[in-house]
Amino acid sequence: MEGLVEIESKVAPPIARCAHCEGMLPLGLGEITCLLCGAICRVTHERTITDLREERLPCPSCKTLVVAGSEERPIELICGSCRAPFRITPKVVKVEIGCPSCDRMLRLKPRPGSRTIACPACESEFSVTF
Ligand SMILES: [Zn+2]
Ligand SMILES: [Zn+2]
Ligand SMILES: [Zn+2]
């Protein structure tokens, strides 16, 4: 793939709920629009913002630790040591859900709303709501 080298952030954004319908909000911080009811909710999470700003990741070229300095993800940074540009992408969040039929743990990407999942172990289908 052409373009910037990407590294995944290690800081997971919080899973926030809509103040109006209790549905899951799309991941992120700041003004987030609920996909289920359209309400605009402000998501703030001091701890996560601090962690994101202070996150240090090794430069993909020279391994010098570079401080992100911002809670934005993705963010493009330039290594202070070798001047190589790279991008920090948001962490991929996964949530563990137990299959109601066989208790097998499934790792899913949380997404607003309900959806039907087929368990890979016992093939029974069940619906999940985040
Ligand atoms: Zn809502
Ligand atoms: Zn570097
Ligand atoms: Zn199962």
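The values are calculated or read from the model by the stated rules, or taken from the named source; none is laboratory data. All of these numbers come straight from a predicted model, not from anything done at the bench. Note that we place each Cβ from the backbone using ideal geometry, even for glycine, and neighbour counts take in every protein chain shown. We work out accessible area using only protein heavy atoms, side chains counted, and drop any ligands, DNA or RNA first. Shrake-Rupley method; radii C 1.70, N 1.55, O 1.52, S 1.80 Å.
Quick notes on this one:
- The chain, accessible surface, carbon-and-sulfur percent (1.4 angstrom probe): 48 percent
- The range 24-83 versus the range 99-130: alpha-carbon centroid distance in Å: 29 Å
- Counting only residues at least eight positions apart within a chain, or on another chain, the lysines with an alpha carbon under 22 Å from that of LYS109 are LYS10, LYS91, LYS94.
- When only Cα pairs below 8 angstrom with a gap of at least 6 residues are kept, the chain shows a relative contact order of 21 percent.
- Sequence of LYS109, LYS91 when ordered by accessible area, the most exposed leading, probe 1.4 angstrom: LYS109, LYS91
- Rolling a 1.4 Å probe across all protein chains gives SER127 an accessible area of roughly 80 Å².
- Normalised radius of gyration (Cα atoms, divided by 2.2 N^0.38 Å) for the chain: 1.30.
- Solvent-accessible ranking of ARG115, ARG53, largest area first, probe 1.4 Å: ARG53, ARG115
- Taking all protein chains together and rolling a 1.4 Å probe, GLU72 ends up with roughly 110 Å² accessible.
- Dipole magnitude (debye, nearest 20) for the chain, charges at Cβ of Lys, Arg, Asp, Glu: 160 debye
- Looking at the range 1-94, the accessible area is 62 square angstrom per residue; that uses a 1.4 Å probe and ignores ligands, DNA and RNA.
- Ordered by 1.4 Å accessible area with all protein chains kept, THR116, THR64 run largest first as THR116, THR64.
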